[in-house]
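The values are calculated or read from the model by the stated rules, or taken from the named source; none is laboratory data. If you're wondering where the values come from, they're calculated on a predicted model, not measured in any experiment. A quick note on method: Cβ atoms are made from the backbone with ideal geometry, for glycine too, and the neighbour counts reach across all protein chains shown. Just the protein is used for accessible areas: all its heavy atoms, side chains included, with ligands, DNA and RNA removed. Shrake-Rupley method; radii C 1.70, N 1.55, O 1.52, S 1.80 Å.
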Amino acid sequence: TWMKGAQIVTNTAGLLGTQGVPSINNFPPSGGLSGNCWTDTNNNLWYFHSWGDLWKYSITTNEWTWMKGLGVAVGQNAVYGTMGVPNIANTPGNHSENKCAWTDEFNNLWLYNDGNVWKYEITTNMWTWMKGPGAGVNVPNYGVLGVPAMTNQPGITQSWDFWKDKNNKFYIGFTAYNSSALWKYDPLTNMWTWLSGTSVIASGNASNFNSQCVASTDRNPGKRIESRGAQYIDKNLCNDFLWFSGGQNFGKFNDLWVYQPLQNTWTWVAGDSIPGTLGSYGIQGVPSATNVLPCRTGHIMWVDSLQQVWIFGGLAKGGTSRANDLWRFTPDYACIGFTVDTFVLMPPLDTVLCKTESTIMPLDTSYSISVSPAIYFTANADTSVITFTPPVTTTYTVTASKLSNNCPVSKSIVFTIIVNDYPMPAFTDATICEGENHRIVLDTSYQFTFTPNAIQYAAGDSNAIFDPAITTTYTVTATKNGCPVLSNANFTIILMPNPIASFAVSPNVVEIIDPTFNLINQSQYASNYQWMVNNTLIDTNKNISYVSADTGKVCFTLYAYNQLGCVDSFTNCGYVLPDYSVFIPTVFSPNGDGLNDVFKVVGKNIKVKWFSIYNRWGQEVFWTDDIAIGWDGKFKGVDADMGVYFYLVEYCNVFGQGFTKKGDVSLVR
């Protein structure tokens, strides 16, 4: 994948941007035969350009950042400052044909250049001159073989091979000036140690192959140029394996060596002891003991976790042809003293649990096991199975350790056991009217069971419907993602009686002269009311009085509501009588003068049912049911005696409502 930079092959000046500021447009100037590189512990890529500029590339953002330097093509001289003291102005300056760089365990970048050791602290963006002659003459000082000293100094600079062991020590060796020396630098003590090879810079090979697969301090690849070194750092190994291959000295080599720092031994592992081997490719992808790597120099080299060596390209065979062939060498592990431990720590069989569930982790009983945190697990007697029962989500680190060929081997695995402890959703009480249903909205990620049952619910439904006949308390149990919810819930549906609307009209018959009805509320289970006449709201009080504007039948409707708004209605009617009058004289004189000669009922809008008159002895002297007829003062055709007589009349209004009236009348002549 072409990630960044101009798509041209000519030299480009790059785009510096603003120092310290990443940009999608930035990219470094083109590089030649020089340049150092690192990968920091945060997976950022760093590049020290031969001009003296330091760059950072972020893989996640695909952006370059110009971090340090003057940003000019020439003239960037080193600024040393004070040895061991970081300073923002310090810089290693420009360099040529130098590729010795390390990243330490604290994420600092280290550089060996022109005999000087430099450290760059990413957090402060400052270089520190750690060791070396500075701007002075770079004179090697070997000291005593195998003995570190403050005065030791590798000296010769170009084309070193370089390594770093698992203990954070740095190694360089085999320079362009035919040095066979191997050096170790300890960042903690700031001292160099001459480990192997000669201190004499001279022509000749000076290698000591002897026999393959024999580790010894007297063996050495000898003086080389453009050889390559690589290693895979595995902190579980007792020893590091620093690999070395090829290069040239009066011819190109195809040999493979391994250096073990702890023992300070070299082992000739494979390849020829004489230069110029043309090689034998065999069949691509098929390993064979007869396959031979062609000799080469200036190639690329890697080592994987199984100590397999990978070699790509370089100047191969007998001439100067540029190769792009890729080879893999699988060593005899007994030859290099490497033990392959095939044991793999596997996480528990199930790492997603319901609360109170457990999961097991099978183990190799040849290992000692430690678990962190040391809670919520048990091991059986032979430690072949660990049973985890965490009550909450817990991240564990399990470490398996043993001695393998007297080498402590330790393997760790980190895993998280997710414990699904789902809370019971909240359920609230409800009040409904008789005959109604109650609907509850549900979380569809749960499966519920209701006791007593809902009238409508199936797993996955978003609603449940209930229709209790009486006030009922329900119990809820649930599961989610196959896990039971450990707590139950309860809720009560309270059944409120429906309102019963009723009222009395008093009086139920009124006259238009006083057309007032009293409406007496007799409703039950109600708290709010609406009084309606002819579909028109007239009042909301409990008891009311109503004055009618018209005669005739007046019907009232009461709507009675309870607190939930449930409603009942009741209709009752009253009557408004038109204006009527009844007049009965108290004296009459039947003397024929045309004035008050007849005693009768005088009325309006009434009908006489009967009208009787009695003398003092209780004899009925007159009776009629016709309002137009009156008593003429005679009894049995003879003038009745003057005196007081008594009357009794029954009449009704136009709605048929009956009334009775009695009194006395005086007869005079």
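A few remarks follow.
- Solvent-accessible area of Lys600 with every protein chain in place, 1.4 Å probe, in Å² to the nearest 10: 80 Å²
- Protein-only accessible surface order, largest first, of Trp610, Trp268 at 1.4 Å: Trp610, Trp268
- A 1.4 Å probe, protein heavy atoms only, puts the accessible area of Phe241 near 10 Å².
- Within-9-Å neighbourhood charge of Thr103 [Cβ basis; K, R +1; D, E -1]: -2
- Rounded FRET efficiency, nearest 0.05, which uses the C-beta distance separating Cys652 from Ser502 and R0 of 25 Å: 0.25
- Each Lys or Arg adds one and each Asp or Glu takes one away; over the other residues whose Cβ falls under 12 Å from the Cβ of Gln530, this sums to -1.
- Filter on Lys131/Lys402; Lys4/Lys99; Lys99/Lys402; Lys223/Lys317; Lys131/Lys164; Lys99/Lys166 - keep pairs with C-alpha separation over 29 Å: Lys131/Lys402; Lys99/Lys402
- Test item: Cα-centred dipole of the chain, Lys/Arg +1 and Asp/Glu -1 on Cβ, debye: 2460 debye
- Accessible surface of the stretch 388-526, 1.4 Å probe, proportion on carbon and sulfur as whole %: 50 percent
- Protein accessible area in the stretch 1-69, 1.4 Å probe - carbon and sulfur %: 57 percent
- Heavy-atom surface of the stretch 1-148, accessible at 1.4 Å and reported per residue (Å²): 49 Å²
- Accessible area (Å², 1.4 Å probe, nearest 10) - Asp382: 80 Å²
- Residue-count net charge about Phe588 - beta-carbon cut-off 11 Å; Lys, Arg +1, Asp, Glu -1: 0
- Extension gain for the segment Asp304 to Thr189, taken as residue separation times 0.36 nm less the Cα-Cα distance, is 38.4 nm to one decimal.
- Rg/Rh for the stretch 431-563 (Cα atoms only, Rh after Kirkwood) is 1.29.
- Computed on the chain, with alpha-carbon pairs under 8 angstrom and 6+ residues apart, the relative contact order is 5 percent.
- Accessible area of the stretch 271-323 belonging to carbon and sulfur atoms, whole % at 1.4 Å probe: 61 percent
- Val602, Val371, Val74, Val292, ranked by accessible area, largest first (probe 1.4 Å): Val74, Val602, Val292, Val371
- Shape call, the stretch 235-286: gyration tensor on alpha carbons, a/c limit 1.5: oblate
- Helix-only mean residue ellipticity at 222 nm for the chain, each DSSP H run of n ≥ 4 adding -39500 (n - 2.57), per residue, nearest 500: 0 deg cm²/dmol
- Stretch gain in nm, segment Thr389-Ser462, where the contour uses 0.36 nm per residue and the Cα spacing is subtracted: 23.0 nm
- Between Ile470 and Thr399, the contour length at 0.36 nm per residue exceeds the Cα-Cα span by 19.4 nm.
- The stretch 593-669 and the stretch 106-150: distance between their alpha carbon centers, rounded to Å: 148 Å
- Between the stretch 495-532 and the stretch 375-415, the Cα center-to-center distance that results, in Å: 83 Å
- Entry comment: accessible area of the stretch 554-669 is 55 Å² per residue, from protein heavy atoms only and a probe of 1.4 Å.
- Where N is the number of residues in the chain, Cα Rg divided by 2.2 N^0.38 Å: 2.22
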